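Note sheet for the following structure.
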C-alpha cells in the first residue's frame, strides 16, 4: 500500500483524534471548562471499587458497588460487597437502606445527616461545580487533578483534603481520595463509566 | 399521686433486692479449663475483626454502621473504629487499660460514649478476669460458668446450645445490666477458623437501653500464629 495514499485517506481520522485529544486536555483546564463539559452530561453510570486504608489495618478494607447519577441532583450510591446497602439522594431527600438477610431496611438515624452533606457535595462535583462550596478551597492541578482543602477548622479536623483525579475522557471522574489523615484515607476508583444513558423514572426508587 | 409514689418505692425495693439465678450442682463436675461453657466464644491472640453494626436505640431508631476492632487477647487491648457504611470514620479510640480517643465526630464525641464502647468490647471479646469462678447448671439444666469480678459485678457465661453462648453481666446488686448472645451460624471461608462468633447481639438494659447486632464480615488473624493455636491470653 502507498504510504502517502494511506496518510491522505486517513487524515480526517487523524484530525478527529487530534481534536479529541485537545478536548480532553481542554475540558479540565479551567473551572469554566469543567462546568461547560459537565453541562453536556445528563446521566452517569459506573461501577466502583473502594479501598479504605488505615494505619491499624492488616490489609485495606475493599468494597464494591455501583454508582448512578442523573442531573441535576439525583444520585444512587450502592454497595454490593461486602455489605449490601444503598444511599439515595432524590428529590431533595437522602435515604439509606441496608440489606438485612435479604430485606432492605431503612436507616433512620441522625448519622445520615453527615452523609446527606457528602452526597450533596458529590452531586455538585458531577455538575462540574468543584469550586462553589465555601467550606473548601479548590485548586486545579496538572494531572488533571482537583485538590480540595477545608477552609474551616472544624471540617479540617474531619477531612484533611480531597483529591479528585479527572479522566482524560471529558466529564469523567477517575477516582476520589478522601484523606482523613495522611495514613487514613478512602479511595474510590470508578470503572466502566457510561455517560448519558437514558434512565426511566424508577431508577432512583427503592423496591423493598 | 401517693399511690404512684408508693408503687415506685415498692418497685425500687423489689429491683434492689434482685438476686442471681440459683446455680445448681452439675451432674459431672469438671475443671474450668475442661469446661466448654467456661471457654466461651472469645477470639484468642491478635485479630482484626470487621462487623456490620445494627444499632437499635431508644425511641425506636435503628442505625447501621460498620465497626473495625483490632484486639489482642494477650494484652487485653483493643482499638475500635466505627465508620458509616460508606467508610467515613466517626469514632476511633483505643483501650489498653485506659481509653484514648483518637477521633470522634458528633454524636460520638464524648468520653462517656467511648468508655461505654470499650466496656462493651471487653464484655464481648475478652474472657472475664474473675476473682472466683463457679460452675453448675441453671434451673433449666443449662450449663453456666459464673465469674465473680473484683468490682463485685458478676458475669454468667451460659451455654444453652452448641455454638451459642450467652453472657450476662450483673451489677453488684445483682441487677442484670448487659446480655450478650454470641453464636456461630455459618461455616464460611475466612470465618470461624478459631471459634470467633459470626453473630453477636448485645442488649444494654435500663432506661437508656440499646441493642447492638454485630454481623461478622471479616476476621483476619494478625500477630504471631502460636498465640492463637495455643490459646495464649
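Among the residues of the range A:55-74, those that are under 19 Å from the mean Cα position of the chain (by Cα), within 13 Å of chain B (Cβ to nearest Cβ) and free of Cβ contacts under 8 Å to residues at least 60 places away in the same chain comprise A:62, A:63, A:64, A:65.
Considered as a group, the residues in the range B:126-150 that are in contact with a strand residue (DSSP E or B) (Cβ under 6 Å, 6 or more places away or on another chain) and outside any strand (DSSP E or B) include one that is modelled with the highest pLDDT, and that residue is B:128. Check whether at least one residue in the range A:136-157 is under 25 Å from residue A:203 (Cα atoms) and within 14 Å of chain B (Cβ to nearest Cβ), and report yes or no. So far as the range A:136-157 goes, no, none of its residues is under 25 Å from residue A:203 (Cα atoms) and within 14 Å of chain B (Cβ to nearest Cβ).
Scanning the range A:24-43 for residues that are modelled with pLDDT of 85 or more, assigned to a strand (DSSP E or B), within 14 Å of chain B (Cβ to nearest Cβ) and surrounded by 12 or more Cβ atoms within 10 Å (Cβ to Cβ) turns up nothing. Scanning the range B:87-103 for residues that are more than 10 Å from chain A (Cβ to nearest Cβ) and surrounded by 19 or more Cβ atoms within 10 Å (Cβ to Cβ) gives B:91, B:93, B:95.
For the range A:84-93, how many residues meet the condition of being within 12 Å of chain B (Cβ to nearest Cβ) and surrounded by 18 or more Cβ atoms within 10 Å (Cβ to Cβ)? Qualifying residue count, the range A:84-93: 3. When you check residue A:97 against the structure, is it modelled with pLDDT of 85 or more, crowded, with 18+ Cβ neighbours inside 10 Å, more than 7 Å from chain B (Cβ to nearest Cβ) and closer than 30 Å to residue B:80 by Cα, yes or no? It is true that residue A:97 is modelled with pLDDT of 85 or more, crowded, with 18+ Cβ neighbours inside 10 Å, more than 7 Å from chain B (Cβ to nearest Cβ) and closer than 30 Å to residue B:80 by Cα.
Taking the range B:48-86, which residues are crowded, with 21+ Cβ neighbours inside 10 Å, assigned to a loop (DSSP other than H, G, I, E, B) and facing chain A (nearest Cβ under 10 Å)? Within the range B:48-86, B:84, B:85, B:86 qualify. For the range B:34-60, name all the residues that are free of Cβ contacts under 8 Å to residues at least 24 places away in the same chain and within 24 Å of residue A:83 (Cα to Cα). The answer is B:60, and nothing else. Can you name the residue in the range B:105-123 that is farther than 27 Å from residue B:39 by Cα and touching a strand residue (DSSP E or B) at 6+ places or on another chain (Cβ under 6 Å) and is also modelled with the lowest pLDDT among such residues? Looking at the filtered set, the residue picked out is B:105.
The values are calculated or read from the model by the stated rules, or taken from the named source; none is laboratory data. Being a predicted model, the structure only gives us computed values, none of them experimental. As a convention, Cβ positions derive from the backbone with ideal geometry for all residues, glycine included, and neighbour counts pool all protein chains shown.
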